[in-house]
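Inspection log for the structure reproduced underneath, given as structure tokens.
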Amino acid sequence: MEPVVLPSLEEVAGLYRELSQHPGLSTACLGPDVTTQYGGKYCSLYTEWSQRDLARAETIKSCRQYLVFHDGASIVYAGPAGTCCEIKDELLSCESPSGALKAVLRKAAGKEKEKEKQFLEVWDQNRKVKSIDLTALDKHGSIYDDDQFGCLAWSHSETHLLYVAEKKRPKAESFFQSKAPELDCSTDEDLERPEKPDAPLKGEQFVYREDWGETLSTCSVPVLCVLDIEGSSVSVLEGVPEHVSPGQAFWSPEDTGVVFVGWWHEPFRLGLRHCTNRRSALFYVDLTGGDCELLSDDTRAVWSPRLSPDRCRIAYLENSALGPHQQCSRLLMYDWYTEQTRTVLEAVPRQAWGSFPGIYCSALPALCWAADSRRLVLDTAQRSQQDVFVVDTQTGATTSLTAGAPQGSWSVLTIDRDLLVAKFSTPSCPPTLRVAVLPSAGQEAQVQWVCLQDAPPVPSISWSIRTLQPPPEQENPQYGGLDFDAILLRPSEGPTAQKPPLVVMPHGGPHTVFSAGWMLYPAVLCRVGFAVLLVNYRGSLGFGQDSVNSLPGNVGTQDVRDVQLCVERVLQEELLDSSRVALVGGSHGGFLACHLIGQFPDTYHACVVRNPVVNIASMATTTDIPDWCLTETGLPYVPAALPDPAQWAEMLQKSPIRYVDRVRTPVLLMLGEDDLRVPPKQGLEYYRALKTRGVPTRLLWYPGNNHALAGVEAEADGFMNIVQWLLEHLRC
């Protein structure tokens, strides 16, 4: 049979340019209901989108408004209200509870050598009524605009704004700082006065300050701040315990205080990004007396607190502290007035199709409660797709809101007054905007989704999900009977006699999951002419907590064998070119790729890895997540304990570097200079080992990029180099 003839690099660049223009949907906000003179209701829907701009080498944000007409039970009509426009320099924004006001945090370039400034603006309809220079007030450092600590919250009275910022640091100077001479007109009384409180401190210039790791390197000591809008004054809240770092804050029901999540930072800070296992708790700090009260168990990891519309209950997510970085989470609810906490949903040990799979998400939607303050909506991985569920917090009953909808990836953007906004995509369809009215309790399965903003499916891509069962000899003795999935994309056009080459992509994590949604790299690779296999090996999210627990202690064997089994099965059952098989993986996916070319050197003919883990032992002392190295090796993590020689040996034993002598596959490495998660020395270690063994290898080094290599320029350059490497070594 004829092999597939792939396009030139110029044609590949054209395909990448075309598909990278599809925007992603990030934010949705519903305005207040308006009643027409005929009795009908409508509201505005504000959305924000992000898109790669290759010419400017940056990600741009844009907004678009829609109108949604409804009768309280169904959507009558919905459509766009004008075209989109770009949003510039906006870091955070939030509408007030009534919808009458909007707060915007904006950055602005300083004059000449001045540092960048931050302004907090308040808008009333079409007027900017306040613009406060927070940098000039000098009460704190930069405001956090990340999704880990950051927040911008209106008080219920709409008179104050709450946010999180870096604590103000005292000025420091050299011991030998030159000063202009001053006339000595001091008296004895002057000599007795203490030094000015803002006088620069000597010896503090080069003190090391811990940060919160990957993508949070500018976050060290967060503080809670309140802006009095009328008086344009800022105060930093007191009373937060010294041993925790506050974030994800909102106002208490009566505006008498602030509820926040506090993360323990003793004995030292561990990386927080993608780590929902960090010890943390829910706190309440009183604004008048400064007293701080613990609201949750302080031995767990909690995050994403959400206040119900009636201001009586707080729902939040909880994991076990330490252990796997991502887990099947519990949903808890704290009653503000009875001060009682109860578990609404427990972790699910095993996923059973047709039943609730468990909660696997980085956060609850900012607005997730139904109008009845009893139900809430969330999205979660369900094996290799993502679905939306409504949860009855009194009974714990769950109902899928997407069971009868197209298969793919569904995410909740917001719910307000039971108007539900979501986004939907598939591997062959970029994100689309959907709206629905949440039916009354007991009728949720009758939900009807309406498409507000469609995206034409990308031609020439077909996809399917397949389930695999490990053979008996590869079963986990403690967690037997587990299966896993893979998503296969393949070109759907061309002569049936042609056999496309196969690109195998195991995900990183390892406790994450490929959802059957839009992903740029796999889509473009498929349009180029490659079949793409996305493997959700045992240990992935969405398959139950038993699957997650099965992998620590078995990395380098169980996950590697799952990927290899999947590859061999697909090559047997599909019309693919087994002489042209390549691996592409990042982070733990790179760890697996390096293992596979060492353990199964005859299967793979090209390999590309992004910031790969190659030596767990050497990574343990340099990464922002040293606990990962021991946990995934199957060893206990104790901050004060040093691994003994046997534990160092075990980490090395499970690492891909162990098999480097068997590698013959050409390897392309792509490293981010600012990667704190898997420091680039990991990739350099592998590069040198391959070079000394005569294996064809090439290294790409991306300044200003961290673990994800998500900068627009690095992402585009990386893709083109991947394709060039594959075309060269697969002889396409």
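The figures follow:
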{"read-out": "Members of the range 298-317 that are in contact (Cβ under 8 Å) with a residue 24 or more places away in the chain and out of contact with any strand residue (DSSP E or B) (no Cβ under 7 Å at 6 or more places or on another chain)", "value": "Asp310, Arg311"}
{"read-out": "Close pairs from the range 684-705: first surrounded by 15 or more Cβ atoms within 10 Å (Cβ to Cβ), partner among the aromatic types (Phe, Trp, Tyr), Cβ under 7 Å, at least 6 apart", "value": "Thr697/Tyr687; Leu699/Tyr687"}
{"read-out": "Elements of type strands (runs of 3 or more DSSP E) contained in the range 217-321, each with 1 or more residues being on the phi > 0 side of the Ramachandran plot and of a type in the set (S, T, N, Q)", "value": "244-251, 300-307"}
{"read-out": "The listed residue being more than 19 Å from the chain's Cα centre (by Cα), in contact (Cβ under 8 Å) with a residue 60 or more places away in the chain and within 23 Å of Trp628 (Cβ to Cβ), out of Pro267, Pro324", "value": "Pro267"}
{"read-out": "Strands (runs of 3 or more DSSP E) (entirely within the range 337-438) containing at least 2 residues that are farther than 25 Å from Arg300 by Cβ and open to solvent by less than 30 Å² (accessible area, probe 1.4 Å)", "value": "385-392, 409-416, 419-426, 429-437"}
{"read-out": "Filter result (open to solvent by 50 Å² or more (accessible area, probe 1.4 Å) and either part of a loop (DSSP other than H, G, I, E, B) or modelled with pLDDT under 90 (or both)) within the range 22-34", "value": "Pro32, Asp33"}
{"read-out": "Number of the condition not met by Glu254 [criteria: (1) open to solvent by 40 Å² or more (accessible area, probe 1.4 Å); (2) touching a Lys or Arg at 6+ places or on another chain (Cβ under 9 Å); (3) over 19 Å from Leu162 (Cα atoms)]", "value": "(3)"}
{"read-out": "Meets criteria (within 24 Å of the chain's Cα centre (by Cα), touching a residue at least 24 places away in the same chain (Cβ under 8 Å) and assigned by the TED database to the domain that holds Leu699) for Gly585", "value": "yes"}
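Conditions (1) under 30 Å from Gln51 (Cβ atoms); (2) open to solvent by 10 Å² or more (accessible area, probe 1.4 Å), marked per residue:
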{"residue": "Asp483", "(1), (2)": "no, yes"}
{"residue": "Ile487", "(1), (2)": "yes, no"}
{"residue": "Val524", "(1), (2)": "yes, no"}
{"residue": "Ser540", "(1), (2)": "yes, no"}
{"residue": "Val570", "(1), (2)": "no, no"}
{"residue": "Glu574", "(1), (2)": "no, yes"}
{"residue": "Leu583", "(1), (2)": "yes, no"}
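Every residue, every condition in (1) hydrophobic (A, V, I, L, M, F, W, C); (2) open to solvent by 10 Å² or more (accessible area, probe 1.4 Å), yes or no:
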position: Ser579; (1), (2): no, yes
position: Ser587; (1), (2): no, yes
position: Leu592; (1), (2): yes, no
position: Asp602; (1), (2): no, yes
position: Val608; (1), (2): yes, no
position: Met619; (1), (2): yes, no
position: Leu635; (1), (2): yes, yes
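Residue-wise test of (1) under 21 Å from Val223 (Cα atoms); (2) aliphatic (A, V, I, L, M); (3) open to solvent by 30 Å² or more (accessible area, probe 1.4 Å).
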| residue | (1), (2), (3) |
| --- | --- |
| Trp264 | yes, no, yes |
| Leu270 | yes, yes, no |
| Thr299 | no, no, yes |
| Pro305 | yes, no, no |
| Asp310 | no, no, yes |
| Arg313 | no, no, yes |
| Tyr334 | no, no, no |
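The values are calculated or read from the model by the stated rules, or taken from the named source; none is laboratory data. Being a predicted model, the structure only gives us computed values, none of them experimental. When we count neighbours, we look across all protein chains shown, and the Cβ atoms used for this are built from the backbone with ideal geometry, even at glycine. All accessible areas refer to the heavy atoms of the entire protein, side chains included, with ligands and DNA or RNA removed. Shrake-Rupley method; radii C 1.70, N 1.55, O 1.52, S 1.80 Å.
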